[in-house]
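The values are calculated or read from the model by the stated rules, or taken from the named source; none is laboratory data. Bear in mind the structure is a predicted one, so any value in this text is a computation, not a measurement. Cβ: placed from backbone, ideal geometry, glycine included. Neighbour counts: every protein chain shown. Just the protein is used for accessible areas: all its heavy atoms, side chains included, with ligands, DNA and RNA removed. Shrake-Rupley method; radii C 1.70, N 1.55, O 1.52, S 1.80 Å.
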Amino acid sequence: MMAISMRLHWPAIILGLLIGCGVITLLMRLLPARHVRLLGLLVLLPGPALAFALPELHRAGLSVVGRHYDILQGVLISPAVMMPFGATLLGLPIGTTRAAIGLGADLTTRLRLIWLPLLLPTALLSLTIAVLLCLGCVILDRP
């Protein structure tokens, strides 16, 4: 029964997660850093908690989004997945890439020596958080 639930809900949760991460990335580009931090902290805990509660609310007949609540689950867990990236990128000094370009580093050198060491631990942490939260949503959605 668990395999059927995983097969049915996993792609929709991942789609919602990608939509949520895209929206957060867009907000990180448009809003000032302190607004992004505040907004991220405001939805960090309630988002995944509501994502875990959505299947029970759906079973109880309190469905707000109809039968596509698993996409909403992905959107709700995306702030927890993007928080490590946001913390890393917002804490980065502004002129890092500009300084590397000024010193003669091309794109591959910047990727290899600046961005990969900076974002690889964050990417692994975000991937782990995403897998655990998606599995939690699928496990809690068992009939």
Exercise. Roughly how many percent of the accessible protein surface of segment 19-98 is carbon and sulfur, given a 1.4 Å probe and a whole-percent answer?
Worked result: 73
Problem set entry | Solvent-accessible area per residue for segment 17-101 (1.4 angstrom probe, square angstrom) | 61
Seminar exercise, completed: Semi-axes of segment 82-143 from the Cα gyration tensor (sqrt of 5 times each eigenvalue, largest first, whole Å) come to 35, 11, 6
Problem set entry | Cα centre as origin, Lys/Arg/Asp/Glu Cβ charges: the chain dipole, Debye | 220
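For a protection proxy built on the mean count of beta-carbon atoms within 10 angstrom, sort 125-131, 98-104 highest first, please. Walk me through the intermediate numbers first.
Details: 125-131: 15.3, 98-104: 11.1.
Per-residue mean Cβ counts within 10 Å order the peptides as 125-131, 98-104.
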Problem set entry | Value at 222 nm in deg cm²/dmol, rounded to 500, when DSSP H runs of n ≥ 4 in the chain each add -39,500 (n - 2.57) | -26000 deg cm²/dmol
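Tell me, in nm to one decimal, what length is gained between T109 and L135 on full extension, where the rule is 0.36 nm per residue of separation less the Cα-Cα distance? Could you put the intermediate results ahead of the total?
Values: separation 26, 0.36 × 26 = 9.36 nm, distance 3.67 nm.
Separation in residues times 0.36 nm, less the Cα-Cα distance, equals 5.7 nm.
What does the charge count near F85 come to, summing +1 for each Lys or Arg and -1 for each Asp or Glu among other residues with Cβ under 15 Å from its Cβ? Numbers along the way, then the final one.
On the way: positive: R29, R37; negative: none.
Neighbourhood net charge equals +2.
Whenever you get a sec, line up H58, H9 from highest to lowest accessible area (probe 1.4 Å, protein heavy atoms).
Details: H58 65, H9 35 Å².
I get H58, H9, largest accessible area first.
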Exercise. Could you give the distance between the Cα centres of segment 114-143 and segment 76-106, to the whole Å?
Worked result: 19
Problem set entry | Chain lengthening between A123 and L39 when straightened (0.36 nm per residue, less Cα-Cα) | 28.1 nm
Exercise. Among T122, L132, L17, whose Cα sits farthest toward the positive end of the charge dipole of segment 7-143 (+1 at Cβ of Lys/Arg, -1 at Cβ of Asp/Glu, about the Cα centre)?
Worked result: T122
